[in-house]
1. Check Asp289, Asp276 and return the single one that is within 17 Å of Thr138 (Cβ to Cβ) and in a helix (DSSP H, G or I).
2. Taking into account only those residues within the stretch 210-226 that are assigned to a helix (DSSP H, G or I) and aliphatic (A, V, I, L, M), which is surrounded by the fewest Cβ atoms within 10 Å (Cβ to Cβ)?
3. What's the total number of residues in the stretch 296-329 that are over 20 Å from Glu170 (Cβ atoms) and hydroxyl-bearing (Ser, Thr, Tyr)?
4. Given (1) in a helix (DSSP H, G or I); (2) within 21 Å of Leu88 (Cα to Cα); (3) touching a helix residue (DSSP H, G or I) at 6+ places or on another chain (Cβ under 7 Å), where does Met177 come up short, assuming only one miss?
5. Can you say whether Asp294 is surrounded by 19 or more Cβ atoms within 10 Å (Cβ to Cβ) and in contact (Cβ under 8 Å) with a residue 40 or more places away in the chain, as far as the supplied structure shows?
6. Here is a list of conditions, (1) surrounded by fewer than 17 Cβ atoms within 10 Å (Cβ to Cβ); (2) modelled with pLDDT of 60 or more; (3) in contact with a helix residue (DSSP H, G or I) (Cβ under 7 Å, 6 or more places away or on another chain), and Leu64 meets all of them except one; can you say which number that is?
7. Please find, among Val195, Val217, the residue that is within 13 Å of the chain's Cα centre (by Cα) and farther than 29 Å from Ala286 by Cα.
Amino acid sequence: MSQEEAEKQIKANLEDDFQDAVADEDAAVDGEFKVTPEELATLRAHLATEFPEDCNYLSDAYILSVASKPYSKDPTVRRPLEYSQEKLSQVMQWRQEHGAPGMEDLIKLANGSPSAVEAVENPKDYTKAKGIVNSLNTNSMYWHGFTKDGRPILWIRTNRKPWYPDVEAEANALIAMADAGIRAMPPGVTDFVCVSESSYPPPPNPSFMITILQALVKGYPDRLHILYSAPVSSIIQFVVNLLLPLMPGRLASKIMMIGQDDVKEKLNAMLLHGEDDLPTFFGGPADHDKYYPDESKCPNRGEGTLKFDYFNMVKRLEAAKKEYLANKK
């Protein structure tokens, strides 16, 4: 199939579904307004009433970041409180519909002994758990380190992504990973940075791209601070050129394509320890493969099917957060 034919096929699959995902997005509007403690308490009380089991997922800082934004219909005033309440409820509803609060429990299930009782009593959960773990086992995405301003960094290794992905399992794995990073954010931080090593990506899969972008727009609005993709390969350039015109302006402005010659300068300026944190696959000294090697070199972490070092990743991220906070003081 030629590139022109592939583009037509992907556009045909993307446009309707993706427009559904971004239809309610605000235009990018800069600035912020004051939100009173009473208004914050009102928003918190609403979330606690509507989503009691997951109400603490959203930090006060994130709620304030949503409520303080200018109103897209009149940027001279703040978003109405009811409008912010609706946007926050939409995020929580999306989490509920996609089972986000229980994703880490599914990782634990897949990492435990796959007993006959579990398989018989909860076959759907166990199948879902194995799918998530199989996606994580590729070590194609992981949290490692922080930026100088305290944002956790999600690293993507596109050469490890499958050519024919299990779209649902990949999306569930991304939800589990995103929530792990959000839980590790220092006080006051509400978004994260993503760095993609994109030299050898698999062919673009329309269904996968739709699902992931819908998750960013509906489940994690304003969570991505910036995404750096390097080096600029022909496949990545093709995908980005295809998607950017369809994406909401706020999200599209956060996608940065950088060449191999510029990656060191960009990342050194951003990483907490500068050049010392630059990974070996970008010409630096930090060996990420020590923690996240190819799947073939990973042992099982428990009695189940988990090979990805998820739980130690979470511990390392917490330790890095403590170091960042100590340095900040």
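The values are calculated or read from the model by the stated rules, or taken from the named source; none is laboratory data. Everything quoted here is computed from the prediction, not taken from an experiment. In this analysis, Cβ positions are derived from the backbone assuming ideal geometry, glycine residues included, and neighbour counts consider all displayed protein chains.
1. From the options Asp289, Asp276, the qualifying one is Asp289.
2. Out of the qualifying residues, it is Ile212.
3. Counting residues in the stretch 296-329 that are over 20 Å from Glu170 (Cβ atoms) and hydroxyl-bearing (Ser, Thr, Tyr) gives 1.
4. For Met177, the failing item is (3).
5. No.
6. Answer for Leu64: the failing condition is (1).
7. Sole residue among the options that is within 13 Å of the chain's Cα centre (by Cα) and farther than 29 Å from Ala286 by Cα: Val217.
Per-residue answers, yes or no, for (1) within 23 Å of the chain's Cα centre (by Cα); (2) outside the structural domain of Leu106 (by TED's automatic domain parsing); (3) of a type in the set (A, V, I, L, M, F, W, C); (4) at pLDDT below 95:
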| residue | (1), (2), (3), (4) |
| --- | --- |
| Asp276 | no, no, no, no |
| Pro285 | no, no, no, no |
| Asp289 | yes, no, no, no |
| Tyr292 | yes, no, no, no |
| Arg301 | no, no, no, yes |
| Asp309 | yes, no, no, no |
| Val314 | yes, no, yes, no |
| Leu317 | yes, no, yes, no |
| Ala320 | yes, no, yes, no |
